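Enquirer: Sharing a structure, written as structure tokens. Questions coming.
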Amino acid sequence: MNAARDLPKLVAGLAIVALAVLPTAGLPAFYDSFVYLVFFWVSLSTSWALLSGFAGYFSLGHAAFFGVGMYTTATLTTKFGVPFLLTIPAAAAVAALLGVGIGAVVFRLRRLRGELFALLTLAVTFVIGTIILNTPIDGGGGVFMSAVPLPHLMPTPTGTIYILGFALCVLTLVTAWWVAHSRLGMGLFAIHDDEDVAEAKGVPTFRYKLLAFALSAGIAGAVGGIHAMYVGFLTVAGTFELTVPLYVVLMSVLGGSRHWLGPAVGATAITTLLYAFISGGEAMIGRAVVGLILIIAILWLPDGIIPAIQHWAKKRRPAPAKARAEVVPAEVVPIVPAKVLPIGERHILEVRAVTKRFGGLQALAGVDLDVREGEIFGLVGPNGSGKTTLINVIAGHYPLSSGTVTVDGISTGGLAAHEIARRGVARTYQIPRPFVTMSVLDNVALAATFGRPVRAQREIRDEARHWIGFTGLAGKEAALPAELNLHERKFLELARALAAKPKLLLLDEVLSGLNPAEIDSAIRLVRAIRGQGATIVFVEHLMRAVVELSDRIAVLNEGKLLALGAPREVMRDPRVVSVYLGKAYAA
Amino acid sequence: MPSATLLGQALISGVLAGGMYGLLALGLSLSWGLLRLVNLSHFALAFLAAYLTYELGTTYHVAPWWSAAMVVPAMFLVGLAQHWLFDKFKVNELASLLITFSFAVILEVAIQLYWTADYRRFETPYSTLSIKAGPFYIPVLELILCLVAGVLAWGTWQWLRKTYVGKALRASAEDADIAAAYGVDYKRLAYLLSGMCAAYAGVAGTFIALIATLAPAQIWTWLGVVFAVVIIGRLGNPLGALAAGMLVGASESIAMAILSPAWAPVVSFSMLIMILLWDPEWL
């Protein structure tokens, strides 16, 4: 078992050593040059995937960062006499700053859609190219690098450029691997699937996107710095063009842009193929063949080569007999019996004069509520009365128009959703919104990771398994959300909320769409959740469940609090009857 | 600062050049806005049409309008064929971008293999015709182009606004499932629209053959600007595409007259960036 696990490491180690000493082997410079180009495209496409593959923000502006890196090195070496090696970190830094600058502006746009991001980044490329062309940075004549001294890292100049490209390539792959297996990567994958939910689960989405953008642009800048030396002569037309962004996209998508190794596989395949045609004197045919391969790959392998191989390997490997015996049909019944905790006198949630306007629509018109620690608080009212808006405001999804919200003594009104999540507020969605490309276990683990303090990965997994069992989803850990039925997905919503160990749990119509038996088990589950010490605010239309579960209920109507108190009394209040059934019945 | 006459002439040439942006943007905007397909090969189809017009004109001495009568329907069929692939594989927006990029590359290679990478120029008696209006010259071909683009844009706009088919298409763009529930046969409409978009590329190609110098790599020259035009003019809005094309063309031309020709790309893309950041309601 160990040998099998160590084998890839051994192969990788040997490959690194072999590739590192290749320039000393005395092969014709042609080999150095070709393998350098492979490294070049591997680094570029992998860096692209850090933002665009992992987080799903599709950039067509990779040439901007790459080109800025190239011109940074060119300017520093030719105009200021800075040693070549020192300019590479500078190239990375300038490109990363540009990335952060762009991100800081565009990621604040509320309605930033994927294709708009792609076009914005493309537009930035052309603007930067034109500016460089028309200023002394280039001046229209191009920049020659031939007079720049190259350090003697290897016997030949091509060998030196090769080894730099190689070092950067290894560094890039290590970075990609690290990101993919870190909190950052987990957050980015969640952003890719559903950014709002990621934020609500405690992922600092804005910061993570900026970080990914900085990494992605910075690596591209460093690649550009080295490549400036490789090409020897820079022109704006040859740098800020469409080939770079489109090729990195093709390579990443072909290999699998959501896997850390995918872009490397795609880049190696396409570079080799193109080179084979170029050296055969058929460069044009080569381009067409690459185009054709891409069409075929996207139509038949939409996720890329690496995920296709993984999928195939998973299907081929039969489930171990022992594990199969353990899998019992999932029965959605809470495993922990409900115990009744006394309701405290402390207010866990205080809502004061909260208003929320959407343009001319007044969704909440001055709501005051207190929720006591440990109680189950029902929130009811006709459609459009502002229940879900109130949940969204408390969870920080919408900013307040005015008023204050205090959770456990801390004012949360002005905080971002992920900060509120970290202060112990979790929520579920009326229509379940799982992260669709993540397994059930990963979905729950994400909430456990970001909703709570930093812990070891193993501990987080164990907790996630506990909550999956608690909500009766044991045996479904490896399933994708699409394989679950509606009521299992609703329970997955609950498991995700619970994994954050919330002080305050906001449930938005968890019962809607369930059949009577499923409703009974959901009610038992909500009681069991309270038994764990959480305070629950739940929005519900189903009166039987509201009366059965709630300690107190609040009735909202047209954005105002209409009544508040014990369930049976409130439901007999004539005003409440009138909003539900019309005035005639209220008398 | 250049003289008023020069600026006026720059404005006129800019608006007329913008007619080409608008004409190219028309098909792109419709397929992107209404079918959610980003068709990068639109430019390659336009150039294929241009080369065909050139070939028919120089080798067989076919008049440009007769060429157009053959090339435009042929492009319609190409559009149908392309859509068959998108439809069969349920291609999404991103995949359509990559696939049509590949198409464009393959077409570029095919054009280069047949017509070589040399510059080609289709000389016609009309290419130098111009009307003199006061101190200004108005080239006739560009003027006709703008008129044709205007008729197509206005006609398409009316068609989308007034007819059942147009309304059904817009409804499907909003929510295909709901539209289908009301009996809209989205599939057939999508084929029709794809064919139309490709036919518009054919119309643009006819004018490209008459106005521009042809080379395979030219396929990519207008890509950036036309995308900017599509966004500024609002996805799926034919009149907006034409208006934005003329606006961008005029701004570029004036910037070139005041600053230097090399600054032109900054204009369209700065406009695009500002519009995207401003994020107005109509976008």
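Bear in mind these aren't lab numbers, they're just calculated from the coordinates by the rules spelled out. Worth saying up front: this structure is predicted, and the values here are computed from it rather than measured. Note that each Cβ is placed from the backbone with ideal geometry, even for glycine, and that neighbours are counted across all protein chains shown.
Enquirer: Quick one: dipole size for the protein assembly as shown, taken about the Cα centre, charges +1 on Lys/Arg Cβ and -1 on Asp/Glu Cβ, in debye to the nearest 20.
Expert: 1400 debye
Enquirer: Also, quick follow-up: Provide, as a two-decimal number, the C-alpha radius of gyration of region A:514-582 over 2.2 N^0.38 Å, N being how many residues it has.
Expert: Compared with the compact-globule rule of thumb, region A:514-582 sits at 1.20.
Enquirer: For region A:390-405, in order, what is each residue's ³J(HN,Hα) by Karplus, 6.51 cos²θ - 1.76 cosθ + 1.60 with θ = phi - 60°, in whole Hz (x at glycine and Pro)?
Expert: Along region A:390-405, the couplings run 4, 4, 5, 6, 4, 7, x, 5, 10, x, 5, 7, 7, x, 9, 10 Hz.
Enquirer: Where does the longest stretch of chain A lie that holds no trypsin sites (Lys or Arg not before Pro) found in a DSSP loop with 13 or fewer other Cβ atoms within 10 Å?
Expert: A:114-338
Enquirer: Also: Rounded, prolate or oblate: which one fits region A:92-221, using the alpha carbon gyration tensor with axes a ≥ b ≥ c (rounded when a/c is under 1.5, else prolate when a/b beats b/c, else oblate)?
Expert: oblate
Enquirer: When the helices in chain B are scored as -39500 (n - 2.57) per DSSP H run of 4 or longer and the sum is shared across all residues, what 222 nm value do you end up with, to the nearest 500 deg cm²/dmol?
Expert: -25500 deg cm²/dmol
Enquirer: Under the rule of at least 5 residues apart or a separate chain, name every residue whose amide H is placed under 5 Å from the amide H of A:ARG552.
Expert: A:ILE376, A:GLY378
Enquirer: Write down the percent of antiparallel bridges among all DSSP beta bridges whose residues are both part of the protein assembly as shown, to the nearest 5.
Expert: Rounded to the nearest five, the antiparallel share is 65 percent.
Enquirer: Classify chain B from the C-alpha gyration tensor, please: rounded if a/c falls under 1.5, else prolate or oblate depending on whether a/b exceeds b/c.
Expert: Because a/c hits 1.5 or more and a/b fails to exceed b/c, chain B counts as oblate.
Enquirer: Taking Cα centroids, how far is region A:218-297 from region A:372-445 in Å?
Expert: 45 Å
Enquirer: Between the alpha-carbon centers of region A:146-214 and region B:218-283, tell me the distance in whole angstrom.
Expert: Here the answer is 33 Å between Cα centres.
Enquirer: Follow-up. Along each of the three principal axes of the Cα atoms of region A:362-499, give the extent in whole Å, ordering the values from largest to smallest.
Expert: 46, 34, 27
Enquirer: Once Lys and Arg get +1 and Asp and Glu get -1 on their Cβ, which of B:GLY33, B:THR163, B:ASN237 lies farthest toward the positive end of the dipole of region B:4-278?
Expert: B:THR163
Enquirer: Also, quick follow-up: So which chymotrypsin sites (Phe, Trp or Tyr not before Pro) in region B:21-82 end up in coil per DSSP with only 15 or fewer other C-beta atoms within 10 Å?
Expert: B:TYR60
Enquirer: Report relative contact order for region A:2-237 in percent, whole number only (criteria: Cα-Cα under 8 Å, sequence separation at least 6).
Expert: Relative CO of region A:2-237 lands at 41 percent.
Enquirer: Hey, can you list the DSSP H helices of chain B whose Cα span along the axis is 18 Å or longer and whose average Kyte-Doolittle score is at least -1.0?
Expert: Membrane-span-like by this criterion, though nothing is claimed about a membrane: B:4-35, B:41-59, B:64-88, B:93-115, B:140-162, B:186-211, B:238-258, B:264-278.
Enquirer: From the P(r) of the protein assembly as shown, can you give the percent of Cα pairs sitting at distances over 57 Å?
Expert: Looking at the protein assembly as shown, the distances longer than 57 Å represent 18 percent of pairs.
Enquirer: Per residue of chain A, what 222 nm ellipticity follows from adding -39500 (n - 2.57) for every DSSP H run with n ≥ 4, rounded to the nearest 500?
Expert: Result for chain A: -18500 deg cm²/dmol, rounded to the nearest 500.
Enquirer: Next question. Ratio of Rg to Rh for region B:9-150, alpha carbon only, Kirkwood?
Expert: 1.01
Enquirer: Which value, in debye to the nearest 20, describes the size of the charge dipole of region B:4-278 about its Cα centre when Lys and Arg Cβ atoms bear +1, Asp and Glu Cβ atoms bear -1, and nothing else is charged?
Expert: The dipole magnitude comes to about 440 debye.
Enquirer: Here is a further query. Please turn the phi angles of region A:219-236 into ³J(HN,Hα) values with the Karplus equation 6.51 cos²θ - 1.76 cosθ + 1.60 (θ = phi - 60°), one per residue in order, whole Hz, x for glycine and proline.
Expert: Values per residue, Gly and Pro as x: 5, 4, x, 5, 4, x, x, 5, 5, 4, 5, 5, 6, x, 9, 9, 10, 5 Hz.
Enquirer: If you don't mind, there's one more thing I want to ask. Could you give P(r) for region A:348-392, binned at 5 Å from zero, as whole percent values over all Cα-Cα pairs?
Expert: Computed distribution, short to long bins: 6, 18, 29, 26, 13, 6, 2, 0.
Enquirer: Distance between Cα centroids, region B:151-208 to region A:493-560: provide it in whole Å.
Expert: With region B:151-208 and region A:493-560 each reduced to a Cα centre, they are spaced 47 Å.
Enquirer: Looking at region B:88-181, which chymotrypsin sites (Phe, Trp or Tyr not before Pro) are DSSP coil and have at most 14 other C-beta atoms within 10 Å of their C-beta?
Expert: In loop regions of region B:88-181 (DSSP not H, G, I, E or B), the sparsely surrounded chymotrypsin sites (Phe, Trp or Tyr not before Pro) are B:TYR119.
Enquirer: Looking at region A:347-586, what % of the alpha carbon pairs are farther apart than 31 Å?
Expert: Here the tail beyond 31 Å accounts for 22 percent of pairs.
Enquirer: Sticking with this one: Out of A:ALA363, A:ALA554, A:GLY414, whose Cα points farthest toward the positive end of the dipole of region A:347-586 (charges: +1 Lys, Arg; -1 Asp, Glu; placed on Cβ)?
Expert: Value: A:GLY414.
Enquirer: I've got another one for you. Would you mind checking which residues have amide H under 5 Å from A:LEU562's amide H? H placed 1.01 Å from N; only 5 or more apart, or other chain.
Expert: Distant-sequence amide H within range of A:LEU562: A:VAL555, A:LEU556, A:ASN557.
Enquirer: Given just the C-alpha atoms of region B:122-163, how large is their convex hull per residue in cubic angstrom?
Expert: Dividing the Cα hull volume of region B:122-163 by its residues yields 83 Å³.
Enquirer: If region A:211-284 were replaced by its equivalent ellipsoid, with semi-axes equal to the square roots of 5 times the Cα gyration tensor eigenvalues, what would those be, largest first, whole Å?
Expert: 21, 20, 10
Enquirer: If exposed GluC sites (Glu not before Pro) are those in a DSSP loop with at most 14 other Cβ within 10 Å, what is the longest stretch of chain A that has none?
Expert: Here the longest segment lacking exposed loop sites spans A:1-281.
Enquirer: Amide H neighbours of A:GLY413 under 5 Å, at least 5 residues apart or on other chains, H built in the peptide plane: list them.
Expert: Under 5 Å from the amide H of A:GLY413: A:VAL405.
Enquirer: Which shape class, rounded, prolate or oblate, goes with region B:87-153 when its Cα gyration tensor gives a ≥ b ≥ c as root eigenvalues, a/c under 1.5 marks rounded, and past that a/b bigger than b/c marks prolate?
Expert: Judged from the Cα gyration tensor, region B:87-153 comes out oblate (a/c at least 1.5, b/c at or above a/b).
Enquirer: If you don't mind, another one. Write down Rg/Rh for region A:1-155, rounded to two decimals, with Rg from the C-alpha atoms and Rh from the Kirkwood relation over Cα pairs.
Expert: 1.05
Enquirer: At a threshold of 8 angstrom on Cα-Cα distance, excluding pairs fewer than six apart, so keeping six or more, what relative contact order does chain B reach in percent?
Expert: About 40 percent, as a whole number.
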